[in-house]
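Shown next, in structure tokens, is the structure this report addresses.
The values are calculated or read from the model by the stated rules, or taken from the named source; none is laboratory data. For clarity, every value in this text was computed on a predicted model and none was experimentally measured. Please note: Cβ atoms are built from the backbone with ideal geometry, for glycine as well, and neighbour counts cover all protein chains shown. SASA here: full protein model, heavy atoms, side chains in, ligands and nucleic acids out. Shrake-Rupley method; radii C 1.70, N 1.55, O 1.52, S 1.80 Å.
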Amino acid sequence: MRSLVGVSTTLYGIARCTMTALVVTCWIVACADQPDRDDAVATSDQSISSVWDAWRSVAQGVAGPGVTVTAFPIGGTLYNLFVATKGGGIFTTSGSPHAGWSGWTSVANAVAAPNTSVTALPIGFGEAALFVVGPDLGVYPYTGGTQTAWNAWPRVGTRAASPGTTVAAVPNGGGQFTLFMVSTDGGIYDSVWNNGTQQDWTRVGTGVARAGTSVTAVPTGNGLFALFVIGTDGGTGSGIYTSTGSPTTSWTNWPRVGSVVVNASTPRVTVIPDSFGKFTLFYVGTDRQINPVTGNADTGWTFWPAAAPGEARSDTPVTALLTADGHFALFVIGTNSHVYANIGAPQSGWFGWAEVPGVLAGAGTSVTAVRVGGTYYLFVPDDVNGEVRDTSGHY
């Protein structure tokens, strides 16, 4: 297996990128092949300069196989982290790579199904709402925090999630969330949850998603959402399909995103909206290249060359952060299980992939990335025993 390779490309029109939005999500990997000599990341005068601290343990916390770290800011440079352990228990810690971390504490009696990650969103006053796929594949909400207590709420409806699926949740305000999941029949379903008051799951059109994948949900304003899933086309790759609407209106019936073909092992597609009703999608193709596509279902899609030459592991999605000037910082796990970073835009080019050295990512995960000012914070379970590790750095 080849490593992720980086060859610099000229990036026009970027002097310095400042991050203003964060996109979080992840999964992991196994594969410890070392790169050949000619696989090393190439550099040139156009290469982006980055400096990263050594990877450290996050209070000796350990994530279960195939589990991603979930993170959100709680003020200043501090974050809450959530992981599911090998036994399915849900644990949380708070802090930062520079300030240190509190000890991991249990979230009530919450238990997650194997290979599923915690969906966590802040609800104010230092508390969070969690949505977890349980061992019976039902979706279970929890609210609270380490400084108060955790409340376990009844199961959302009776429908089961597809094994390996993680719930997508979008806050609607006032403690209400719209939830999306892929069910055991491959259908995409939604439910509205509000502090224990819930609707049962309702199918979103007739679309069918590949087993074990997750829905990407993006709010588009006026109570509407754009959903993206990986289909069941089969073979070595699958198409991406999208639908727009809401649980209280109606949904478009899943047109395909052009001729996009996603690697058959990819668990989800990464989507970032702009302010003009369009989206930029990043996905790992059948050739393991990291590919962007821009547009929407109404105006059509524009397909761009790969984000600089490089290969990602097929079982990991791309993590993307939007910059203030409309560019993107990308983080992926290469085929040698190392973490790599890139910055640029489909329209203007990419600086090229550079390694964030010092860790091998565990099987089935991806990079979790957040930003404070000009500093990036990365989290990933390692491939030794799933120990959660962090680093910080800047471009």
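What nm value, rounded to one decimal, do you get for the distance between residue 158 and residue 60 when each label is placed 7 Å out toward the C-beta?
Here the modelled spin labels are 4.6 nm apart.
Heavy atoms of the protein only, probe of 1.4 Å, neighbouring chains included. What is the accessible area of residue 137 in Å², nearest 10?
Looks like 40 Å² after rounding.
Quick one: grab the alpha carbon gyration tensor of the range 74-125, order the square roots of its eigenvalues as a ≥ b ≥ c, and give me rounded if a/c is under 1.5, else prolate or oblate depending on whether a/b is larger than b/c.
prolate
Starting from the Cα-Cα distance between residue 109 and residue 148, subtract it from 0.36 nm times their residue separation and give me the gain in nm to one decimal.
12.5 nm
If you roll a 1.4 angstrom probe over the protein chains with everything in place, what fraction of the accessible area of the chain belongs to carbon and sulfur, to the nearest %?
C and S fraction of accessible area: 53 percent.
Could you calculate the FRET efficiency of residue 194 with residue 51 from 1/(1 + (r/R0)^6), where r is the beta carbon distance between them and R0 is 41 Å, rounded to 0.05?
0.40
Roughly how many Å² is the accessible area per residue of the range 123-168, as a whole number, for a 1.4 Å probe?
41
Give me the number: length gained by fully extending residue 176 to residue 256, i.e. 0.36 nm times residue separation minus the C-alpha to C-alpha distance, one decimal in nm.
Length difference between fully extended and current span is 25.8 nm.
Need one number: nm distance between label points at residue 232 and residue 299, each 7 Å from Cα along Cα→Cβ, rounded to one decimal.
About 3.4 nm separates the two model spin labels.
What is the range 251-303 by shape, rounded, prolate or oblate, if you read a ≥ b ≥ c off the alpha carbon gyration tensor as root eigenvalues and call it rounded for a/c under 1.5, prolate for a/b larger than b/c, and oblate otherwise?
prolate
Give me the one-decimal nm value for the distance between modelled label points at residue 86 and residue 248, 7 Å along each residue's Cα-to-Cβ direction.
Computed distance between label sites residue 86 and residue 248 equals 4.7 nm.
When only Cα pairs under 8 Å and 6 or more residues apart are kept, what is the percent relative contact order across the range 214-301?
Dividing the mean separation by the residue count of the range 214-301 yields 22 percent.
Any idea what the dipole of the range 155-306 comes to, in debye rounded to 20, about its Cα centre with Lys/Arg Cβ at +1 and Asp/Glu Cβ at -1?
Taking the Cα centre of the range 155-306 as origin, the dipole is about 180 debye.
Could you grab the relative contact order for the chain? Cα pairs under 8 Å, six or more apart, rounded to a whole percent.
For the chain, the relative contact order is 22 percent.
With log10 I(q)/I(0) by the Debye sum over Cα atoms at q = 0.07, 0.12, 0.15 Å⁻¹ in mind, check (i) -0.36, -0.92, -1.21; (ii) -0.39, -1.04, -1.36; (iii) -0.28, -0.89, -1.46 and report the label derived from this structure.
Given (i) -0.36, -0.92, -1.21; (ii) -0.39, -1.04, -1.36; (iii) -0.28, -0.89, -1.46, the calculated one carries the label (iii).
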